[in-house]
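What follows is one structure encoded as C-alpha cells, with my remarks underneath.
The values are calculated or read from the model by the stated rules, or taken from the named source; none is laboratory data. Predicted model, so just to flag it, every value in this text is computed and none were measured. Here the Cβ is made from the backbone with ideal geometry for all residues, glycine too, and neighbour counts use every protein chain on show. Ligands, DNA and RNA are excluded from the accessible area calculation, which covers all protein heavy atoms including side chains. Shrake-Rupley method; radii C 1.70, N 1.55, O 1.52, S 1.80 Å.
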Amino acid sequence: MKKDLRIAVIPGDGTGPEVTRQAVKVLQAACGKHGIRLSLQEYDFGGERYQRSGELLPDSALEELRSFDAILLGAIGHPDVKPGILEKGILLRLRFELDQYINLRPVKLYPGVWTPLKEKGPEHVDYVVVRENTGGLYSGVGGVSMRGTAQEMAIQSMVYSRFQVERCLRYAFEYCRRRNRSKTLTLVGKTNVLTFVYDLWERAFHEIGEAAYPDIKRDYCHVDAFCMWAVKNPEWFDVVVTGNMFGDIITDLGAITQGGMGIAAGGNINPEGVSMFEPIGGSAPKYTGKNVINPLAAICAAMMMLEHLGAGKAAADIEGAVMFVTGHRLKSLAAGRMGYSTDEVGDMVARFAVEGPPRE
Ligand code: IPM
Ligand code: MN
C-alpha cells in the first residue's frame, strides 16, 4: 500500500468540525503507529461559507479534490439555509461529479451498544449495505408544471441504465466475495410494482451472478419486507445491494439497529477514483460547540477510509479501540449522555488504537 496519504478534509457544518477533529486525531495516531505519512488539506465548504459568499463548491476546488487519495467529510446542513441547497450543491454534487457510484454502509452492532432490537446482540447485527449512489430517484430527472395552482403536476423519475446497475452489482458481488462470510448477496427491490426498474436490476443480478459469481448465493427481498426482516432477523443478511432511494431509507433503519447516528458511518466510493467517507448523521446544530456530540461515527468513517486505502492494519487497530470504548467506557452513544466529552472519546480511541485496548 501507499505510505503517503493525501487526504482532503471537509469538516462542514454544525458539529461536523468537532467530530472531524477527533477523527483526524485518531487517524494521525493510527497512521503514526503504522509508518503512514499523512498530509491533510482542509476545505471550508458548508453553510457558513455559502452564507458569506454565496459559494457552494467552486469548480476549481472540485478539480483539486480529484487529486487526493480520499476525502473525509464531517457534516453538511445549516439551520439558516433552506433544505436542499447545501445537500444538492455540496454533498450530492461531490458524489455525482466524482462518480462515487457506491455508498457502502456497514450495519454493525458493537459491544455494549444499545439497540432497539430486543434479544439481538453484536452476533446478530453485522451486514453491509451497498447502495447505488448516483442514479435512481436522485438523477434529477423530472419537472413541475403549473406550480402553485390547483393543477400543479410534479414528476421525479427513477432512472437507471444497465451500465449503472451492472457496475453497482459487480461491486457488490466482489465485496461479498472479499468479505467471505456466508457469501450471500441480497438484492432489495420492488419487482412487484416497479416492474421496469427493478426488473432490470433483477435480471442483471441473476445474469452477472450466474456468469461470474457462482460461489455467491443470491437472495431477494422486496424493500418493504426487508424492513421487517432487518428488525426481526438481521442475522440473515451478509451483503445487501439496492438502488439509491431504497438504500437511503434502509440504511437509516439499519443505523438505528446499530445504535444510531452516533456510530453509523459510510463511504461514497468510486473504485477507480477518489472516494469520500462520512458519518451518516447530520450536522446536529443544537449540539454545536458543546463538546458533547459522539465522534465515533466520524472516527468509523476515517477507519473505513484507511481500510479502503489498503491500510487494513491501521483500520483494525481503530476498530479494536472503538469496540473497547463502546464495550467498556461509554454509558450511551447519545450526545451528552456518553459519560465523556467529545474530546475525551477521541483521546481514548486514539490512545487505544496505538497501545491496544487495556486488559479488563
Ligand atoms: C444520506 C443523506 C443524503 C442522501 C441527503 C443529505 C442528501 O440522507 O447520506 O443518506 O439522501 O443521500
Ligand atoms: Mn439518508
Note to self: With the structure loaded, tell me whether E87 is within 14 Å of ligand 1 (Cβ to nearest atom) and part of a helix (DSSP H, G or I) or whether it fails that test.
What the structure shows: yes
Check: Of (1) open to solvent by 70 Å² or more (accessible area, probe 1.4 Å); (2) outside any helix (DSSP H, G or I); (3) free of Cβ contacts under 8 Å to residues at least 60 places away in the same chain, K2 satisfies all except one. Which?
Finding: (3)
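Name the residue that is least open to solvent (accessible area, probe 1.4 Å), counting only residues in region 78-96 that are of a type in the set (D, E, K, R) and without any contact (Cβ under 8 Å) to a residue 24 or more places away in the chain.
E87
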Next item on the list: State which residue is farthest from ligand 1 (Cβ to nearest atom) when the search covers only region 247-261 and only residues that are in contact with a helix residue (DSSP H, G or I) (Cβ under 7 Å, 6 or more places away or on another chain) and either outside any loop (DSSP other than H, G, I, E, B) or open to solvent by less than 10 Å² (accessible area, probe 1.4 Å) (or both).
Entry: T257
Next item on the list: Check off (1) away from ligand 1 (no atom under 14 Å from the Cβ); (2) more than 15 Å from the chain's Cα centre (by Cα) for A284 and give me the number that stays unchecked.
Entry: (1)
Margin query: Among the residues in region 97-105, are any open to solvent by 10 Å² or more (accessible area, probe 1.4 Å), in a loop (DSSP other than H, G, I, E, B) and among the polar types (S, T, N, Q)?
Written below: no
Margin query: Just the residues that are touching a Gly at 6+ places or on another chain (Cβ under 9 Å) and not hydrophobic (A, V, I, L, M, F, W, C), please, taken from region 19-43.
Written below: T20, R21, Q22, K25
Check: Any idea how many residues of region 76-115 are more than 16 Å from ligand 2 (Cβ to nearest atom) and closer than 21 Å to F246 by Cβ?
Finding: 3
Checklist line | Residue, farthest from ligand 2 (Cβ to nearest atom), within region 262-284, restricted to residues that are modelled with pLDDT of 95 or more and open to solvent by 50 Å² or more (accessible area, probe 1.4 Å) | finding: E272
Check: Looking at region 5-46, which of its residues are touching a Pro at 6+ places or on another chain (Cβ under 8 Å), open to solvent by less than 80 Å² (accessible area, probe 1.4 Å) and not acidic (D, E)?
Finding: P11, G14, T15, P17, V19, T20, Q22, A23, G46
Check: Is there a residue in region 199-212 that is open to solvent by 60 Å² or more (accessible area, probe 1.4 Å) and not in a helix (DSSP H, G or I)?
Finding: no
